């Protein structure tokens, strides 16, 4: 079956994501709702939203092959069944952007933690023989080629993987692959135009919106002027795309965003996560002498950058609840150079209780590498309270399940209690705070229990509010156990 013959499935969704100004109740189903913005929150008193600090797990891949080098980057990490793929640009020397010096490489892993290079002979690497190059002689596509695993229902197995690459002159050129390693150009003409495309331009199938979404590099001014920002285009068939529309960031100040890395969260694809590279042009930390000592290319140490968290629930709006850095540059001057600390695309699960994200570091240096950072599942942020305690009240909700589950952590002295109320805030009989057994511990998955048990099936489908009291505790996510969905989307 050809790509064009693949059926487009109409997706009917009762969304857990009404717009920011909507009064519609939010449906809490079997997918975790993380506390990384105010999506669920109506009021807070003594509680706060707190950004996580990812744990540095060290280098996982050094870009030390002759065809890779210090300018390797634009990494995409894909979890596909029992394997992980890391696709990235190899570029051994400065000044090669958009030229045949750039290649697309791949590394593989069985757990997302230990990575190796497959020995391939798909493309010639001169005297070096076998290599890990999966795309070559394809400038300017190899400048920023970024693939994704297509999760659209009914996708042709020959096109399970798709990818985009190119620049403002070529537009974004589409490729497809059955396995993420062997790639074929879909058509000669670009599929997406209207952007500058001078960074990693990412795409995915959106279950929420029933279309492909492409988040691309644009500028606020003409050409390469103004601020580096992000625009979005959509498509039903991956071939014909809408005109790009610039993303809105609410009332937050504009910042240079070099890459956006927007993708559906793997435990709840109705939520898009963006781990973006925030670029600070002209903010120089190293002296000329320090840069020379580290071996930094002379053109790449007069700026610095870090990683920030944004979220979206479809449409052309990002939420920037946290203006602070998610990942700060590390200790050592090598971390404070231009275009370092750029996140890879996608957060992936790397253990029963762990997820990982990856970051390019030591850019334009002999030590250039990819680094792994870990978090607990759903642990990008939390609603938190200190020892004095506090509470929060939700927006109107529909609890679509028979049990309420939480991902949480407390101190030995802390705890969390929950109350379910009607729309007016009056506790439902048996579900008051005094009826709730205090939740104490540190678990990824705990059923909330009241004196009468954990069953909430009697209020299923009713519009309610959730109220929680926290003391020296963090609440990372909530969801409902839905027996009708057993074995499908359950965390």
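The values are calculated or read from the model by the stated rules, or taken from the named source; none is laboratory data. The structure displayed is predicted, hence computed values, not measured ones. Neighbour counts run over all protein chains shown; Cβ positions are idealised from the backbone, glycine included.
Of all strands (runs of 3 or more DSSP E) completely enclosed by the stretch 321-423, which ones contain at least 3 residues that are surrounded by 20 or more Cβ atoms within 10 Å (Cβ to Cβ), in contact with a helix residue (DSSP H, G or I) (Cβ under 9 Å, 6 or more places away or on another chain) and outside the structural domain of residue 265 (by TED's automatic domain parsing)?
Values: elements: 348-351, 354-361, 369-376, 381-385, 390-394, 397-399, 403-421.
Per the criteria, 403-421.
So that you can scan it fast, the table gives a plain yes or no per residue for (1) in contact (Cβ under 8 Å) with a residue 60 or more places away in the chain; (2) at positive phi:
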site: 146; (1), (2): yes, no
site: 152; (1), (2): yes, no
site: 176; (1), (2): yes, no
site: 187; (1), (2): no, no
site: 191; (1), (2): no, no
site: 194; (1), (2): no, yes
site: 206; (1), (2): yes, no
site: 209; (1), (2): yes, no
site: 217; (1), (2): no, no
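If you check 293, 289, 334, 324, which single one turns out to be over 26 Å from residue 212 (Cβ atoms), in contact (Cβ under 8 Å) with a residue 60 or more places away in the chain and over 15 Å from the mean Cα position of the chain (by Cα)? Give the derivation first.
Numbers: 293 fails: in contact (Cβ under 8 Å) with a residue 60 or more places away in the chain; 289 fails: in contact (Cβ under 8 Å) with a residue 60 or more places away in the chain; 334 fails: in contact (Cβ under 8 Å) with a residue 60 or more places away in the chain.
After ruling out the rest, the residue left standing is 324.
Any idea which of (1) under 18 Å from residue 212 (Cα atoms); (2) at pLDDT below 95 is the one residue 162 doesn't satisfy?
Of the numbered conditions (1) under 18 Å from residue 212 (Cα atoms); (2) at pLDDT below 95, the odd one out for residue 162 is (2).
Given the options 483, 396, name the one that is in contact with a strand residue (DSSP E or B) (Cβ under 6 Å, 6 or more places away or on another chain) and in contact (Cβ under 8 Å) with a residue 24 or more places away in the chain. So that I can check it myself, show each step before the final result.
Details: 483 fails: in contact with a strand residue (DSSP E or B) (Cβ under 6 Å, 6 or more places away or on another chain).
On inspection, the qualifying residue turns out to be 396.
Kindly establish whether residue 264 is in contact with a strand residue (DSSP E or B) (Cβ under 9 Å, 6 or more places away or on another chain) and more than 15 Å from residue 206 (Cα to Cα). It would help to see each step written out before you state the result.
Numbers: in contact with a strand residue (DSSP E or B) (Cβ under 9 Å, 6 or more places away or on another chain): yes; more than 15 Å from residue 206 (Cα to Cα): no.
Spelling it out, it is not the case that residue 264 is in contact with a strand residue (DSSP E or B) (Cβ under 9 Å, 6 or more places away or on another chain) and more than 15 Å from residue 206 (Cα to Cα).
Just checking, how many residues over the stretch 298-313 are surrounded by 18 or more Cβ atoms within 10 Å (Cβ to Cβ) and assigned to a loop (DSSP other than H, G, I, E, B)?
To start, the set of residues in the stretch 298-313 that are surrounded by 18 or more Cβ atoms within 10 Å (Cβ to Cβ) comprises 300-301, 303-313.
Still in the list and also assigned to a loop (DSSP other than H, G, I, E, B): 300-301, 303, 313.
Adding up the residues that qualify gives 4.
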